[in-house]
Amino acid sequence: METLKRVVTPPLSLHDPKTDFLIGLRGFFVMQSFLHTFLLVFAPASVAHSTNAQEVLHSSTLHKTLKLVSILFWNDGIIYSAFILLSARTICIPFMKDRTKLSIAGSIFRRGIRLWFPVAVALAISTGVLHATGYKYIDDFAEKTGNISILVPYKIDNALIYFNSVFNLFWVTTRFSEQAGSYAFPGQMMWVINVIYMQRLVPPLVKGRNVDADEKQFHRVHDDGYQ
């Protein structure tokens, strides 16, 4: 009975139950991003704002219906915005619970570690696979299927270009999408990581505002006491 109880009882979570909805929203948008990528490759006319949907005049009723639904359920603009907003909301949670310097430093440090290595590994895997299979087959696939919405990823030829591509993903502060690391990744969507990484500056800014507000309140109280 004890073993059955341990299996049935859910494990303790470090997350506040009040923020569980953020995990649900993140999973929902992950499913949307998968649908967007899948349909953009195999049924581009069913994705709103894609090149096929805008330039191909004749499409089936099914494609038109899916394109209408895609405005809400696999819209790339909504997906990108949702991940950026959810990330900004998540990084502030530890700081809102514990408004100390250690909490701020921990959030900034952990976000860097959680992003640097996964991005480097993901870009290395995708580059290795593309080098092994070749880039030409993407052009051949697009030409045979009439898909004008997908682009051939940027080719990373050596380790120096790879290092610079990964480094710039965490260094560039403007024109995030116009960099080799984003163009080299299938789907050209790695620029979102750049924006999410920049959000590590949010808690220090909030902390600075709170400190300024506390100092103003302190001086106001003391000034009133002297008068």
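Bear in mind that the values in this text are calculations on the coordinates, not laboratory data. Just so you know, these numbers come straight off a predicted model, no measurement behind them. Cβ sites come from the backbone with ideal geometry, for glycine too, and all protein chains shown count toward neighbours.
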Practice task
Would you please put 85-93, 129-137 in order of how densely packed they are, using the mean number of other Cβ atoms within 10 angstrom per residue and starting with the highest?
Solution key: 85-93, 129-137
Completion exercise
Once phi for every residue in the range 75-92 is put through the Karplus expression 6.51 cos²θ - 1.76 cosθ + 1.60 (θ = phi - 60°), the whole-Hz ³J(HN,Hα) values, with Gly and Pro written as x, are 8, 4, x, 5, 5, 4, 5, 5, 5, 5, 5, 5, 5, 5, 5, 6, 5, 8
Completion exercise
Taking only C-alpha positions in the range 108-203, Rg and Dmax in angstrom work out to 14.6, 50
Handout entry: Ranked packing of 169-175, 74-80, most packed first, by mean Cβ within 10 Å
Key = 74-80, 169-175
Fill in the blank from the handout: Checking rank on 19-30, 139-150, with mean other Cβ inside 10 Å and highest first, the result is 139-150, 19-30
Completion exercise
Computed over the range 15-98, the relative contact order (Cα-Cα under 8 Å, seq sep at least six) in percent reads 30
Practice task
Starting from the Cα of Ile113, step 7 Å along the direction of its Cβ; do the same at Thr145; then give the gap between the two resulting points in nm.
Solution key: 4.0
